[in-house]
Every structure is written in C-alpha cells, then in structure tokens.
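One structure below.
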Amino acid sequence: MRVLLTSLRLQFKQSLSRSTYRFVIIIQPILNTILLYFILSNKNFVNVGEYLFVNVSVMNLWSSIVFSSLSDLTREKRMGVLGSNFASPVKFQWIYGGKVIANLILALWSFAVSYLIIQYVFDLNIVLPNVYTLITVYFLLLISFTTLSLFLSYFFLLNRQAIFWINVLEYPIYLLSGIATSIQKLPWFLQIISWLLPTKWIVGLLHQIFNAKYNILTSANVYGLLILTALYGIGIIVMNNIMERKILVEGQLEVY
Amino acid sequence: MNEYMINLDKVSRTYKEKNGTDFVALNQISLNVKKGTIHGLIGPNGAGKSTTMKILSTLLLPSSGTVTMKGIELQSNLNAVRQDINFIYGGERDLYWRLTARENLEYFSALYSLKGVEQKEKIKELLELVQLTDVANKKVETYSKGMKQRLQIARGLLNNPRILLLDEPTIGLDRQSAEEFKNIIRHLAANGTTILFTSHYLEEVEDLSDEITIISRGEIVASGTAQELRSNIGKELYVHAVVENVVNRKQAITLFSRYFGDELSVEKYVERTGNVIEMKVSLSNKKLDDVKLSSFVQNSKIREWKIGSPSLDEIYRYYTTV
Amino acid sequence: MRRWGTLIWLSYKEQYATFNLISFMVYKIVQPMIQVIFFVLLISKNGDSNIKSVVLTNIILAAVVNAAVYSGVILSNERVQGTLKLIVASRNDTFKIVFLRSLAGIIDAIIMVIVPIILAKFVLHIDINSIDIIAVVITVFLGMLAAIPLSLLIGSMSLITTDLNLFINLFIFVINFFSGALFSSQKLPYLWQVISNFIPLHNSIQFAMAIFNERQPHINWQLVIFSGREISISIVLIIVNVVIYKKFERTAQKGGTLELY
C-alpha cells in the first residue's frame, strides 16, 4: 500500500511536470469541447450541454490513458527504469497501479474543465446530480478505468509498437462507446466488443445521472461497470503471470 | 554455510531468433563468487556478460542449470532474493529524469520497504556518499553524465544489498569520478557486500577484482585471481615480439618453427597489430635454449621481444581471440 | 535531383521502418477511415449536411493531417537519434534538407485520399463516379503545400523543447477546427472566420466542397482564389519558417541542446 501511495505521489509530480500531460488534462478538454460544440451546434435537443459534457469527458478519459499510463510505460521502458521496478521485491501491479491511479485522478479534472467551459463559456445549462451520485460515479470511473488501464499496460508492455496501436484505437473506442452514434446502430459483432469497454457503460451512466430522479442503483450501467472491473481485475492477474514469464523466459523487457 | 554468495552451475541461456533458430548466449557456465569479494567479469561484446548479469538481477531466467544466490535457489525464489540484491547499469538510464535525486531515491527506497526516519537517514547518507547533497533537490535531467551515474550508485545501495551487480558501472565517468566509485566499491566489499561487475576497462578490473572470470562466446574460458590467470599462461611461454614483414599466422608459425623445430611450437596465434605479433608458444622440453633463442632473434627479423608475464590485456586477448 | 530523390525516399523509409505492412496500412488507411466515419456520424446528427461532401472533405482532412504530421516529427526524430548535429554540421542548409524530405508527405497524402475514396464507395456507399479525381489531387497538393510549412514550424520547436507532442496536438486541432470540413466556418464568430482564411488547408477544403457540391460554374474562379490563397499562405509560412528555424537552431547551439533529449 505504501508503495502504491509513493508511486502515486511521485507520478503526480512527474505527470504534471510534463507539458503534454498538462495539455491533456487542461487544454484538450477545452479544445474538444469547443470542437464538439461547433460540430453539434445545430443539434436541436434540450440537453445539448449534458450531451457535450458526457462525450467530451469520456473522450478525454480515454486520451488520458493513451497519453499517460501507456505512453508512460513506454517511456519507462526507454529510460530503463522498468527493469529496476520489475526486479524490486514489490509486485509490479502495485507500482504501476499507483501510477495509473495518479494519472486518472488528474485526468478526472478534465471533467471539471469541460463542465466550466460548457456551463459558463457556452452558457449551456448542466444540472448536476446530487453529491452522493457524483462521488459514487467518480469512484466507479476511477476503479473501472484503473483496471482497464493496467490491463492494457500489461497487454502492451512488451509490444514495440504499443504507442502506435493505442493511438490507432482512439477513434474506434469513441465509436464503440456510443459517442458519435447509438451503439444499437452498429453491427452486432461491434456491439459485443463495445460491451467489453467500460467507456460504453460510462457514457450510458453519465447520460443517466443527469436525470435527477434516476436511481443509479437500478442502472444496468453500474452493474455492467462492476462486472467489467472484476473481469479486467482477473485479466490483470492472468496477464501479470503471462508477462512475468515472457520477461523472465523470453527476456523481452529491455527490447524497445 | 555456503561460502559462495553467487553460484552458477552449468547455466545456459538461449534466445529465439526471429528466423526461429536458437541463439546460445550462455553455454553451461559455472561460476562461484565468494562472500565479500569483488569479482570481475570480462569478455568482448556479445560474450554473454549482460545475459549473466540479467539472470542474476532476476530479470531473466536461465534456460537450464541452477543459479543460487546467498544460498537460495534463484529460479523459484525470485522475491526472496530481490530484497538483498541490487544492480547498477552504466550510462544514464534507470532513473526518472523529471524527478529530483531525492525523489528518485524516495521512490526506489519505497520499493525496498524503507520508511520514516530510516528512509530519510539512508537517503541522506547515500546523497553524501555520492556527493549529491547540494543538488539533491534539482531534477535529474539537469545533471551531468557523471552526476547521473553517481545517483545510480546511490540508488543501487538503497537496500544495503548483500549482493551488488554492476554492469559497466564506470562507463562515461571521468577518471576522478571512476576512482571515487572504485573506493566506494572497495569499502562495500570490505563491509561484506559481494560484488560482481563487468567492465571493458581491464586496468580497472585488475585493480578492483579479487577474482576475474573471462567469458567468450557464452563460455567461461578462464577464471581465477589475476595471478592465477597469469600463471596459467605463464606455465607455457608467452612471447611478445615485434616482427617485421610477418603478415599472417602461417608466416609467424613458420618463422618460429624454423628455428625451434620440435622444441618450441606455436600453439595459438594471439594477435597481430601492425608489425607486432603476440604469440603463445609452448616448450616441448620445458626449457628454453638461450643460445637458440638469441640466434633466432638475431637471424630473424625480430626487433624486440620479451618473454614473461602477460598483462591482463594480453591475457584477455589471449583467451578471447579466435 | 536524383540526390534529393534518394534523400526524400530514405527519410520516408526510415520514418516508417518499424512498421510492417499491416501496421502501415492501419496507420495510413484504416485509422483515418475510422476517424472519418466517427466525424461523419457526429456531423450527420445535425441532419442538414451533404453526406458525400462531408465524407470526401473529411477524407482529405484526415489524410493531410496524418501526412503533414510527418514533417513535424522529422527534426524531433533527428534530435533524438543524435543525427541532427550531423546535418547541422554539414555544408547543407538544414531547413532546406528537412523541407525537401517532408515533401514525401505530398505523395503520401494523395495516396491516402485516393484509396479511402475508393473504399468509401463500398463501405459508405458514396457515389464517386462524378468526382473529378484531378481536382481532388490538386486540392490535396495545395493543402499539403501549406500544411507542411506549418507542421515544420511546429517541428522547429523540437530544437528547444522536448514536449513536441503538445505542439503537434495543437497543430492537429487548429487544422481540424478551421478546415471547414467538420463544421461550416460560417458558424464561427466573424473574427475567427477571417482567421480561418489564413489557416492551411481551409482554402483547399472550401475548394473541394465546391467540387463535391457540384457547383461547377464557379469552379474555375474558385480554383484561382482558393489556390492563390493557399499558395500565398505556403510562401509566407516558408519565409517565417526559415527565420524561425535559424533562430531556434542558434538557440539550440548556444544552449548545447542540439542533441539533448
């Protein structure tokens, strides 16, 4: 636990010292909000503010994974520190868990940035749900994205083109999350893939919480997220074992 | 209790090449390092030094054979070994450049369960040891190569390792920093730390090591104290000669054989640089005929020659030249 | 001429050396296509657009941005690999070399437009028979001619900063935002509309829209106006580049950061 906290604390410092990351959590939400606002400005339905907020936020959350956790891992590999971390007595997933959580906590600030822009710059009213709902959803986002991010980190750990592939995944993920169009309009096989993405359930959940009377405990999205979190949790354990073997037996850690 | 802190028994390591064939990086090597000693591992690039170091750093498993560290079998007890070992790789990698030196040490000490006062004291002590106290709060990216290397040393000592593995630790260091580094290593060994290190600087290896192992093409070709390595070659005769117009091995052998016939035979051509050839020759009657040798020197085109103990550099080339 | 050809080809080859055929196709064709689909679906939510024009202009946008980014990272890659100092120390003008090398992006972009247009016929059922492919190629050529110098300008930043990604992202946003392909520039406040006329690719996209909306009678005049603007932007940006690059190179030499990373 102490390792996780130290890792988390120092990751805050490292990420914030990187201007690209500051861009991702502050400037990018502003830019995405502006872009989507202009694209959708003819859209004549009442809750356009909420619609913008949900979509921009989820896009940013994904970007934070792409630009932070996974590229951090590639950077660590290049800097050679991955070896020192791996060869320490602490389990690898605790060390990187701390880093991923730190990046996500920072990334969740982009929600606030989007909210402020939509509410005050574009003057589109967003009625926030009650504080308990917000806190519950915040933690749901955090744990589901932490497990997803760690799972992907393992998946791409030994891939020389990790950054390439996660960049390539950006727009497919947006599509499969229901940002541009309803998932029901997608072919059935793509719908199945979208069920495996926390972003799909998060988009659904965020849309629901703006309905003040909605009880999130009855939301299938909450349970979908919890089940996915558990699945990715198991995935992390399995991947951890596979990766350890790959590193130790195939000696691939320092290949980059 | 086992007197060896590091023990490799018939350790092999193969890598799969892209075309599916196996590349043998280590072939049945056996190596023992005694507690509190400094052991130098030398060999040309691609000889298997780094693979050995990676295995001992717990970053790689051997394909076969047994590795024992501080009496514990490594392969199935990685974590039990990790708390007591550490490694320092030469160069500027292995650090978080965007953190300060102090933050780097805080981070890595947390990985070795250091906390509270103990952690603070250790970091302070190590910063002083590597003379980085004054710049401890500056980001590592602003450091010179030497400073980064010194910080690496501090990082490697955070857990008071009983076994310290150093892979070309003085690469890029100036002479003075390298000297300081060597003093730290001697001090650690005197306090019981077992040290295995690789280096291409043979003078440094001879200066530091209690024992030296030479590795070539994945196999250990010689091992022992510098003196033992010398006498291994010295049992036979080591001739260093400056010979004109000798262009290849065959000519060199012909030249020597013409004079000494059966008494002295050239066993192995070591190296030819310019008009200098260095050769290992052995005496069949174990005694050098001085008259014949003088006659040989006078009549052949040898300008200079010496018979005697080879330097470590010569030993190294003797064992690693094909 | 042959020497420059070799330089451009080797530079391009080196840039994508880590790609295999599949990842190269994914990067150059599949990813931009999915991006196009994403934006087209988003834009079509408004329900008031000419889908054919939206798809085709977005294909051009995605291709030009993808290909132009290549110019921006040339310098940064050189610096990371330590080869920048070799070019700076050679007798050649570094900017000229980098500019020539980045021209490979034009051919890149043209291919990246033609293949997706053909794919769009099958995937999105877009009628491509009436498209004047020569006009499309000219559009892309003009767009790249202006986008490359802007990308190079961004790339020059890599001489003084290690956070090039940030500027590349800004570059991508600016081109996307002001292009007119994602939403009509007329939706922008007046001042922004004026600015958009000076942003690379905007004029090429306007020209492309004119073609795809089949407003044939105006095309010749629009060709002159839009291409004139695009070429002017290109020339101005090249001049700015030469000045800025020299300044940054000098700063890097003074600060000893030519090979620092």
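Bear in mind these aren't lab numbers, they're just calculated from the coordinates by the rules spelled out. The structure presented is a predicted model; accordingly, all values stated were derived computationally and were not measured. We place every Cβ from the backbone using ideal geometry, glycine too, and count neighbours over all the protein chains shown.
Worth a mention:
- Of the DSSP H helices in chain C, those with a Cα length along their own long axis of 18 Å or more and a mean Kyte-Doolittle hydropathy reaching 0.0 comprise C:31-44, C:51-81, C:104-123, C:133-156, C:164-179, C:219-255.
- Placing a pseudo-label 7 Å from each Cα along the Cα-to-Cβ vector at A:Tyr138 and B:Asp9 gives an inter-label distance of 5.8 nm.
- Adding -39500 (n - 2.57) for every DSSP H run of four residues or longer, then dividing by how many residues chain A holds, sets the calculated 222 nm ellipticity at -22000 deg cm²/dmol.
- Summarising the label geometry, the points placed 7 Å from Cα in the beta-carbon direction at C:Gln15 and A:Gln161 lie 1.7 nm from one another.
- Close amide-amide hydrogen proximity is noted between B:Glu219 and B:Asn27, each under 5 Å apart and 5 or more residues distant or on a separate chain (H modeled in the peptide plane; Pro and chain starts excluded).
- Kyte-Doolittle mean at least 1.0 and Cα axial length at least 27 Å: DSSP H helices in chain A: A:131-157, A:220-250
- Prolate/oblate/rounded call for the stretch B:83-171, Cα gyration tensor, a/c under 1.5 rounded: oblate
- Extension gain, C:Lys85 to C:Thr6: 0.36 nm times the residue separation minus the Cα-Cα distance gives 26.4 nm.
- Cα gyration tensor shape for the stretch B:89-134, rounded if a/c is under 1.5, else prolate or oblate: oblate
- When the P(r) is computed for the protein assembly as shown, the part past 37 Å accounts for 56% of the Cα-Cα pairs.
- Lysine pair count for the stretch C:2-255 (Cα-Cα distance under 25 Å; residues 8 or more apart in sequence or on different chains): 17.
- A:Asn215-C:Ile111 pseudo-label distance in nm [points 7 Å out on the Cα-to-Cβ vector]: 6.0 nm
- With a cut-off of 12 Å between beta carbons, the residues surrounding B:Thr213 carry a summed charge of -3, where Lys and Arg count +1 and Asp and Glu -1.
- For the stretch C:121-261: rounded, prolate or oblate by the Cα gyration tensor [a/c cutoff 1.5]: prolate
- Number of partner chain Cβ atoms within 10 Å, mean per residue of A:159-166: 2
- Peptide A:89-96 has a mean shielding of 3, counted as Cβ atoms of other protein chains within 10 Å of each residue's Cβ.
- Distance violations [Cα-Cα > 24 Å] among A:Lys77/B:Lys124; B:Lys122/B:Lys182; A:Lys246/B:Lys139: A:Lys77/B:Lys124; A:Lys246/B:Lys139
- R0 of 25 Å, Cβ-Cβ distance B:Thr133-A:Ala112: FRET efficiency to nearest 0.05: 0.05
- Projection of the Cα convex hull of chain C, averaged over all directions and equal to a quarter of that hull's surface, yields 14.8 nm².
- Computed from the alpha carbon positions, the gyration tensor of the stretch B:4-225 leads to an equivalent ellipsoid with semi-axes of 29, 19, 18 Å, biggest first.
- Most fluctuating residue given options A:Phe38, A:Phe156, A:Phe12, as computed from a GNM of chain A linking Cα atoms under 10 Å: A:Phe38
- Extended-chain gain in nm, criterion 0.36 nm per residue less alpha-carbon gap, C:Asp127 and C:Trp221: 31.3 nm
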